[in-house]
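> Once you've had a glance at the structure underneath, I'll fire off some questions.
The values are calculated or read from the model by the stated rules, or taken from the named source; none is laboratory data. Small disclaimer: the values here were computed from a predicted structure and weren't measured. When we count neighbours, we look across all protein chains shown, and the Cβ atoms used for this are built from the backbone with ideal geometry, even at glycine. Remember, those area values only see protein heavy atoms, side chains included, never the ligands or the DNA or RNA. Shrake-Rupley method; radii C 1.70, N 1.55, O 1.52, S 1.80 Å.
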Amino acid sequence: APRPSSRYARRTRTRARLESAIDGLDRQQAQKLVQQGISAESAGDAAKALAHFRKAVAADDRYAPAHNRLGIALQSAGDLGAAVACFERAIAADPGYHAAHFNLGLAQLQGLRFQDAEASFRSALGLQQTFPDAWVGLASALEAQGLPDDALAALDQAIAQSGDHVGALLNAAL
């Protein structure tokens with residue numbers, strides 16, 4: 001007869017495999033729901049998109065893109081505080097997810113939290129150096145803090161990375 005400890009070890013391994021399989025299904029469901037939310041956004045149905053993103057987060061709370069997309073939808077709907085919380089949860093789920101750092105920076109800019117926005121844009125750029133939009137966001141945060149020379153240097157980076165980047169060109173002209 002098997003020893004009790006070996007039965008326990010076998011059950012523990014089986015439970016871990018089952019949990020891993022369930023997590024994989026949850027992730028697939030969350031990915032599908034995020035895509036449905038994006039499609040709803042593209043079709044102009046913000047309420048349906050928001051519902052899909054909420055379901056995606058419920059399906060897999062550790063899926064950073066679901067939190068990120070929910071944050072974008074909430075920010076568009078005018079719920080800035082909830083959007084910031086979503087971006088922060090996306091970063092907690094995946095600290096290397098540069099888009100969440102960028103979107104957090106945009107929300108912080110909108111909320112007039114310029115130093116926080118600067119830090120978020122710098123985090124995004126630390127993860128993805130070639131990111132003209134983040135350079136433009138950083139420039140906006142720096143300008144708002146009264147640092148025009150630093151803001152122009154950030155805009156120079158955006159222009160160097162994407163010479164036709166309209167936002168950088170407009171800001172540089174101002």
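> Any residue in the range 137-162 that is in contact (Cβ under 8 Å) with a residue 12 or more places away in the chain sitting within a Cβ distance under 7 Å of a residue that is open to solvent by 50 Å² or more (accessible area, probe 1.4 Å) and aliphatic (A, V, I, L, M)? List the pairs, counting only those 6 or more apart or interchain.
Close Cβ pairs (under 7 Å, with a partner that is open to solvent by 50 Å² or more (accessible area, probe 1.4 Å) and aliphatic (A, V, I, L, M)) amount to 137/106; 159/169.
> Within the range 68-77, does at least one residue satisfy the condition of being β-branched (Val, Ile, Thr) and open to solvent by less than 20 Å² (accessible area, probe 1.4 Å)?
No, the range 68-77 contains no residue that is β-branched (Val, Ile, Thr) and open to solvent by less than 20 Å² (accessible area, probe 1.4 Å).
> Sticking with this one: List the number of the failed condition for residue 23; all other conditions in (1) open to solvent by 70 Å² or more (accessible area, probe 1.4 Å); (2) modelled with pLDDT under 95 hold.
(1)
> Same structure, new question: How many residues does the range 149-165 hold that are open to solvent by 60 Å² or more (accessible area, probe 1.4 Å) and either modelled with pLDDT under 60 or assigned to a loop (DSSP other than H, G, I, E, B) (or both)?
Of the residues in the range 149-165, 1 are open to solvent by 60 Å² or more (accessible area, probe 1.4 Å) and either modelled with pLDDT under 60 or assigned to a loop (DSSP other than H, G, I, E, B) (or both).
> What single numbered condition from (1) of a type in the set (A, V, I, L, M, F, W, C); (2) in contact with a Leu (Cβ under 8 Å, 6 or more places away or on another chain); (3) open to solvent by less than 70 Å² (accessible area, probe 1.4 Å) fails to hold for residue 102?
The one condition residue 102 does not meet is (2).
> Is there any pair linking a residue in the range 90-113 that is part of a helix (DSSP H, G or I) to one that is open to solvent by 60 Å² or more (accessible area, probe 1.4 Å), with Cβ under 7 Å and at least six apart or on different chains, and which?
93/62; 98/127; 98/128; 101/127; 102/133; 104/88; 108/116
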